[in-house]
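**Q** Dumping the structure here so I can ask a few things about it.
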Amino acid sequence: MKIVNRIDELRRLLTEEKTNGKTIGFVPTMGYLHAGHLSLIHAARKENEIVVISIFVNPLQFGPNEDFDQYPRDIERDEALAREAGADYLFYPTVAEMYGEQPMVTVKVHQRTDSLCGKSRPGHFDGVATVLTKLFNIVGPTRAYFGLKDAQQVAVVEGLIQDFNFPIKLVGVEIKREEDGLALSSRNVNLTADERAEAVHISKALFKIKEAIDNGVTPEAAIAEGRGYLQGHITGTIDYLEGLSYPELKPITSVSAKMIVAAAVQYSKVRLIDNVIISNEESRG
């Protein structure tokens, strides 16, 4: 695996690979890799001849009171994990390399951001879309891999690729979970022992909602029941627990062909997100 810090060098190397007919799988991350990230690298490895992973903690997607400085970082550990997982290139740029002194042009996302995380994190997905526009132009991948733990991000990236006509196939990879069901996240290390013990109830609530909807309960009733369960089992603050159509992220009044039930819980030092995506074949016709 080759570690690259400069944009011009990565472009030169990948241009050579593409000239030789190689397909490029790209996994953009903010580092502190875990099994969820590694599953993206493994998926890219299976479908492409070259795998590129980027590690960049993007300041544009953090709000003024969010955890940019506290976001966990361990590049030596990440290098070892990326190499072991089968990455060919690790792109690890500085903020100055990516943005210079200050970006002159940024991307504004107009849809799919007024709910879930986008509601309480104004500007977050503008930062995500801006950095991905830059990374997609730098890497020029055949396929790009994203974890469905942040399903709203996947929906935004789908729109970004479509609207900007990037010749990239978006691949969403299923959520990786701990044995007790907690969704893997780089931020989980910031949970206290008590918070970690109770955080499992986030996924339990979501799967209870899914089971109820699968058994014919209306989404509104199922989510109300799930919210009651969650409130009774955690000390964190529920930011949201709601069901929307997917990937449009519009309000629903009945079971749609594809919907997402998503939750966010704020703990003392970390905000956890999780979701389940429900496909209802009968509602398709």
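**Q** Got a sec? Which of Val107, Val57 is over 28 Å from Ser268 (Cβ atoms), in a loop (DSSP other than H, G, I, E, B), touching a residue at least 24 places away in the same chain (Cβ under 8 Å) and not assigned by TED's automatic domain parsing to the domain that holds Ala262?
**A** Exactly one residue qualifies, and that residue is Val107.
**Q** For the range 155-184, which residues satisfy the criterion of being touching a helix residue (DSSP H, G or I) at 6+ places or on another chain (Cβ under 7 Å) and among the small types (Gly, Ala, Ser)?
**A** Gly172, Gly181, Ala183
**Q** Out of the residues in the range 243-257 that are out of contact with any Ser or Thr (no Cβ under 7 Å at 6 or more places or on another chain) and crowded, with 18+ Cβ neighbours inside 10 Å, which is nearest to Ala221 (Cα to Cα)?
**A** Looking at the filtered set, the residue picked out is Gly243.
So that you can scan it fast, the table gives a plain yes or no per residue for (1) under 15 Å from the mean Cα position of the chain (by Cα); (2) within 17 Å of Pro59 (Cβ to Cβ); (3) hydrophobic (A, V, I, L, M, F, W, C):
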residue	(1), (2), (3)
Met98	no, yes, yes
Pro103	no, yes, no
Ser115	no, no, no
Ser120	no, no, no
Gly127	yes, yes, no
Asn137	no, no, no
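**Q** Would you check if there is a residue in the range 154-169 being closer than 21 Å to Leu38 by Cβ and in a loop (DSSP other than H, G, I, E, B)?
**A** No, there is no match, as no residue in the range 154-169 is closer than 21 Å to Leu38 by Cβ and in a loop (DSSP other than H, G, I, E, B).
**Q** Scan the range 69-81 for residues that are out of contact with any Gly (no Cβ under 7 Å at 6 or more places or on another chain), in a loop (DSSP other than H, G, I, E, B) and surrounded by 13 or more Cβ atoms within 10 Å (Cβ to Cβ) and report the count.
**A** 3
**Q** Give me the pairs: first residue in the range 111-129 and among the basic types (Lys, Arg), second residue crowded, with 21+ Cβ neighbours inside 10 Å and part of a helix (DSSP H, G or I), beta-carbon distance under 7 Å, and six or more apart or on different chains, which are they?
**A** Going by the 7 Å Cβ cut-off, the qualifying pairs are Arg112/Gln152; Arg112/Ala155; Arg112/Val156.
**Q** While we're on this one: Would you confirm whether or not the range 37-45 contains a residue that is surrounded by 15 or more Cβ atoms within 10 Å (Cβ to Cβ) and of a type in the set (D, E, K, R)?
**A** Yes, that holds for at least one residue.
**Q** For the range 82-101, give me the residue count where each residue is assigned to a helix (DSSP H, G or I), surrounded by 19 or more Cβ atoms within 10 Å (Cβ to Cβ) and either touching a Ser or Thr at 6+ places or on another chain (Cβ under 7 Å) or not small (Gly, Ala, Ser) (or both). Spell out how you get there, then give the answer.
**A** Residues of the range 82-101 that are assigned to a helix (DSSP H, G or I), as a first pass: 82-85, 95-99.
Cutting the leftovers down to surrounded by 19 or more Cβ atoms within 10 Å (Cβ to Cβ) gives us 82, 85, 98.
Narrowing further to those that are either touching a Ser or Thr at 6+ places or on another chain (Cβ under 7 Å) or not small (Gly, Ala, Ser) (or both): 98.
Of the residues in the range 82-101, 1 are assigned to a helix (DSSP H, G or I), surrounded by 19 or more Cβ atoms within 10 Å (Cβ to Cβ) and either touching a Ser or Thr at 6+ places or on another chain (Cβ under 7 Å) or not small (Gly, Ala, Ser) (or both).
**Q** Any residue that is surrounded by fewer than 18 Cβ atoms within 10 Å (Cβ to Cβ) and on the phi > 0 side of the Ramachandran plot - is there at least one of those in the range 141-159?
**A** Looking through the range 141-159, none of the residues is surrounded by fewer than 18 Cβ atoms within 10 Å (Cβ to Cβ) and on the phi > 0 side of the Ramachandran plot.
**Q** Answer yes or no: is there a residue in the range 123-132 that is part of a loop (DSSP other than H, G, I, E, B), buried (at least 16 other Cβ atoms within 10 Å of the Cβ), at pLDDT below 95 and assigned by TED's automatic domain parsing to the domain that holds Leu10. Before the answer, list the steps.
**A** Of the residues in the range 123-132, the ones part of a loop (DSSP other than H, G, I, E, B) are 123.
Next cut, buried (at least 16 other Cβ atoms within 10 Å of the Cβ) only: 123.
This time we only want the ones that are at pLDDT below 95, so: 123.
Among the residues that remain, those that are also assigned by TED's automatic domain parsing to the domain that holds Leu10 are: 123.
Within the range 123-132, one or more residues are part of a loop (DSSP other than H, G, I, E, B), buried (at least 16 other Cβ atoms within 10 Å of the Cβ), at pLDDT below 95 and assigned by TED's automatic domain parsing to the domain that holds Leu10.
**Q** Which number in (1) over 20 Å from Tyr71 (Cβ atoms); (2) surrounded by fewer than 15 Cβ atoms within 10 Å (Cβ to Cβ) marks the one condition that Ile202 misses?
**A** Ile202 satisfies all of (1) over 20 Å from Tyr71 (Cβ atoms); (2) surrounded by fewer than 15 Cβ atoms within 10 Å (Cβ to Cβ) except (2).
**Q** Mind counting the residues in the range 1-31 that are part of a loop (DSSP other than H, G, I, E, B) and out of contact with any helix residue (DSSP H, G or I) (no Cβ under 9 Å at 6 or more places or on another chain)?
**A** Count: 2.
The values are calculated or read from the model by the stated rules, or taken from the named source; none is laboratory data. As the structure is a prediction and not an experimental result, all values here were calculated from the model. Glycine also receives a Cβ, built like all others from the backbone with ideal geometry; neighbour counts cover every protein chain displayed.
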